[in-house]
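Structure record follows, encoded as structure tokens.
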Amino acid sequence: MAAPWRGRNAPGGRVTEVSRTLSEIRATCTKAARGAGCDWGMAEEAGLAARILESHDLPGVHVLARLLSEGASCAACRGAGSACGLRALAALSDRLPFLDGAPRRGPVRAPLLLAAPVILLAREQGAAYTLTWEGAVLRCTPGGVSAEGAIDAPIATCVTLEPAPGSPAEPRTPDWRSRRVAARDWDRLERLAARTLVPETEASRARGAGPADAAAD
Amino acid sequence: MSALRPPDQVMRLARMGASHPTRLSFMRVLLRGLKRGGWRAERTEWAVDETGVGHAVYRVRGQGQCYSLVAFAHDLPDHLRSDRVIAEAWDTTFALMDGEPEAADIERLAGNVPKQEAGRVSDRELVLSRANRSGRLWEHVVARLAEGLQPDPARIDEVGYLMRTTAVYGSGKFGAADHDAVVGRALMDGPFRVEMLAVWLIRAFVADLAEHMAAVRGGDRAARLDPDLRRALGIGNATGLGMAPFLVNHPDLLHNWIAARETAIARVRALGHAPPEAKDAFASALAMAREAASGWRSGDPVQAAAWDALCRDLARLSDHVAGGALAGPNPWDALLRWSEAALSLEGQEICAALILEPHGTLVDDLAETMGADELSGFRIDGAMRLDALSKLLRDGFGWALEADFAQADAQARFWYVSEAKLEPRLGERHAEPGAELEQPLDIARAAVALHAALDGHDPQATVADFLLVRPEHRRTVRRVQRLARAPYREIRDNLLAADMRPVDMLRCKLAFFGATNFDPRSDRWLRITMYRGAPYPDELHERPEDAWLHHGGAATLRAAE
């Protein structure tokens, strides 16, 4: 299997990493998107996108963590137009398999997120697609993804999507194993996810989720 | 084949809450597969000391695979014993791993498994679990065996298990291997197969541990458990709200489980007659169920009444069958129609389960349809027109459109996750804070809101265009669209209602696992027993196959002999 991708935008020096399963990635990214202000429907897209990208060794966790931490909430994004990668992902996904007018013109933050629905489409259709933006090319095929360049770019001015017959020389095939992600990114996501939790009160603890302590048993 | 029972009938919470295990339940499927596949199990390590502390390894091998349960036994002070997810120590903790552990693996696991959620396991571990003693039964069994005596069958039946698991984690939790790890593996590629394997091995360890402690106490005098009594012991489980969101969050799995069961029922209903072997097998299964049901108890008044009704139903069913109900044409179909008119929900559902028993060759293949690829079909179909979406919404959520969400009772509850150990909870909307953080289990309410939102939009507009301006409906649109291909996906009841019983959701899932002895302790948690009556690993190939759907209990064994 090809070595995991490491972006040219990674900070210099050692990056502390943690290992997380694809399930954990999906669950935490979903909750983090929600915690950042996304509707649940959009949060689900974020979680699945991160899982799909990471399963192909693409830096989904990093890109999402950065996007969600940039401070603009979903409401603010909506007001500013679809510059957010998640909104662009949803708009693109909903228009596939029709490529006309997709993705919309204009700058997109976290453009890597757009690869997730394209990867799913490639698998569904048994076809190949190329997603490009300045300095980056991703080739999504039923067998896997090949990626070159600044795929973890924070923003792209112009994203294009085209059918691309033929197979790349060395696609990264997806697998189910745990992934190494930057601890800093994971912390950001967990902090956002924590916003979806309800603080404990004495009353809620007593009412509880169910099983009492087993003293009587 | 007959028509399948419709979703509006089988996906109501009250009926889901009356689910019974069937031959398609996961524990049954697993043990059938282990026996037919020639799997072998051995205890390969026993390093538990005379204080009951240490570890053991149980290995199973078959069909080109090898799994090991690494079991740790701890010295847990009584005051720390708790079934809550927020517990931090347990009597026993476990990991099921791929392959066999080396010394370094045991060391690594010893440093993490006893911590459970506070530790991490690796991609080589498939399941993480823990179990606590039944205070009622553990001491009795160990004490009796230590004296060279067998435990009292009545005491065994009162509890049903020596230990109960309080969580069984798989599918990528806490570092464990993602579910995709088992894709393609013979027998283990199926819903909860490895989890059920882990519990089966845990049961063996627990029995061994009790015998070990008896031997420590009683020396040469100590006895081992009589095989029949040992078999009457299952593994208990305390299941609470943590499991409830599963059915809502994994609708494709839910659909496939229900569809498999309903397809099996329909296949049997289509049979033109019942040959003598089938009638005998049914009578035998029914007798076992009656025996078992007579021992089912619950402190919860709703369930206690349901068990009383079930016992009466089973008597009526027995009389009806003894009177020749299976002699005519299409006997199974006639029997189910009769049950729908004559029996309670519990009676109807156990009848539907029992008619599958004689027909393994007709229905067992459906077990392989119960997994789901949850990623395919995730994408929203943006090209769908709004009028088509509206029709799907009305067809699939008509039951929701009838609820009046302006009424306080209709939104009385909210689901949330608490900060403390990420424990799912059910809150009272009008009495507690936190509703603004509610989890998305409000499908009925969301469907009603979507229905209202679609009003006034051009019916020829596309879903893609609609979602650009109304993105808050994205989640609901996705669920509505999928219903067309998978009608059993949705629980057709309002999960926010004041009178909603979460145990109904838990019971449905647990019945698919193969659990029995459902004992709700409140409307939101219940005790169950798993593998009661099932063979142990050391007798898997000697015991009759699949003969343990309903176990009458230890006290009946002596009478039967």
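The values are calculated or read from the model by the stated rules, or taken from the named source; none is laboratory data. Just so it is clear, the structure is predicted and the values come from calculations on it, not from any experiment. Here the Cβ is made from the backbone with ideal geometry for all residues, glycine too, and neighbour counts use every protein chain on show. What goes into the accessible areas is simple: the full protein's heavy atoms, side chains included, and nothing from ligands, DNA or RNA. Shrake-Rupley method; radii C 1.70, N 1.55, O 1.52, S 1.80 Å.
Scanning the stretch A:151-167 for residues that are under 19 Å from the mean Cα position of the chain (by Cα) and open to solvent by less than 20 Å² (accessible area, probe 1.4 Å) turns up A:I151, A:D152, A:A153, A:A156, A:V159, A:L161.
Just one of the numbered conditions (1) in a helix (DSSP H, G or I); (2) surrounded by fewer than 20 Cβ atoms within 10 Å (Cβ to Cβ) is not true of B:G328: (1).
Note on the stretch A:19-32: residues that are more than 9 Å from chain B (Cβ to nearest Cβ) and either under 11 Å from A:V61 (Cβ atoms) or open to solvent by 40 Å² or more (accessible area, probe 1.4 Å) (or both) amount to 3. If the requirement is being charged (D, E, K, R) and modelled with pLDDT of 90 or more, which of these qualifies: B:E419, B:E357, B:E374? Testing whether each residue is charged (D, E, K, R) and modelled with pLDDT of 90 or more leaves just B:E357. For the criterion of being touching a strand residue (DSSP E or B) at 6+ places or on another chain (Cβ under 9 Å), among the charged types (D, E, K, R) and facing chain A (nearest Cβ under 9 Å), B:R425 passes.
Quick grid of which residues meet (1) open to solvent by less than 60 Å² (accessible area, probe 1.4 Å); (2) more than 14 Å from chain A (Cβ to nearest Cβ); (3) within 32 Å of the chain's Cα centre (by Cα); (4) more than 21 Å from B:L253 (Cα to Cα):
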| position | (1), (2), (3), (4) |
| --- | --- |
| B:A446 | yes, no, yes, yes |
| B:P459 | no, yes, no, yes |
| B:V469 | no, no, no, yes |
| B:R492 | yes, yes, yes, no |
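Does the stretch B:220-236 hold any residues that are in a helix (DSSP H, G or I) and open to solvent by less than 40 Å² (accessible area, probe 1.4 Å), and which are they? Result: B:D228, B:L229, B:R230, B:R231. Of the residues making up the stretch B:48-82, those that are aliphatic (A, V, I, L, M) and either touching a Cys at 6+ places or on another chain (Cβ under 6 Å) or over 28 Å from B:G219 (Cα atoms) (or both) are B:V60, B:L80.
Number of residues in the stretch B:392-422 that are assigned to a helix (DSSP H, G or I) and away from every other protein chain (no Cβ under 14 Å) equals 14. Does the stretch B:375-391 contain any residue that is within 28 Å of B:R36 (Cα to Cα), within 14 Å of chain A (Cβ to nearest Cβ), part of a loop (DSSP other than H, G, I, E, B) and under 29 Å from the mean Cα position of the chain (by Cα)? No, the stretch B:375-391 contains no residue that is within 28 Å of B:R36 (Cα to Cα), within 14 Å of chain A (Cβ to nearest Cβ), part of a loop (DSSP other than H, G, I, E, B) and under 29 Å from the mean Cα position of the chain (by Cα). Where helices (runs of 4 or more DSSP H) fall wholly inside the stretch B:455-536, the ranges with 2 or more residues that are modelled with pLDDT under 95 and farther than 30 Å from B:G234 by Cα are B:463-469, B:474-483.
Quick one: is B:F192 open to solvent by less than 10 Å² (accessible area, probe 1.4 Å), aromatic (F, W, Y) and out of contact with any Lys or Arg (no Cβ under 6 Å at 6 or more places or on another chain)? When the stated conditions are applied, B:F192 does not pass them. Scanning the stretch B:91-100 for residues that are open to solvent by 10 Å² or more (accessible area, probe 1.4 Å) and over 18 Å from B:F174 (Cβ atoms) returns B:G99, B:E100. Across the stretch B:122-144, the number of residues qualifying as crowded, with 24+ Cβ neighbours inside 10 Å, more than 10 Å from chain A (Cβ to nearest Cβ) and not acidic (D, E) comes to 8.
A:P117: within 28 Å of B:H179 (Cα to Cα), within 11 Å of chain B (Cβ to nearest Cβ), open to solvent by less than 40 Å² (accessible area, probe 1.4 Å) and at pLDDT below 90, yes or no? Against the criterion (within 28 Å of B:H179 (Cα to Cα), within 11 Å of chain B (Cβ to nearest Cβ), open to solvent by less than 40 Å² (accessible area, probe 1.4 Å) and at pLDDT below 90), A:P117 does not qualify. Would you check if there is a residue in the stretch B:262-276 being under 23 Å from B:L24 (Cβ atoms), more than 14 Å from chain A (Cβ to nearest Cβ), among the aliphatic types (A, V, I, L, M) and open to solvent by 40 Å² or more (accessible area, probe 1.4 Å)? Looking through the stretch B:262-276, at least one residue is under 23 Å from B:L24 (Cβ atoms), more than 14 Å from chain A (Cβ to nearest Cβ), among the aliphatic types (A, V, I, L, M) and open to solvent by 40 Å² or more (accessible area, probe 1.4 Å).
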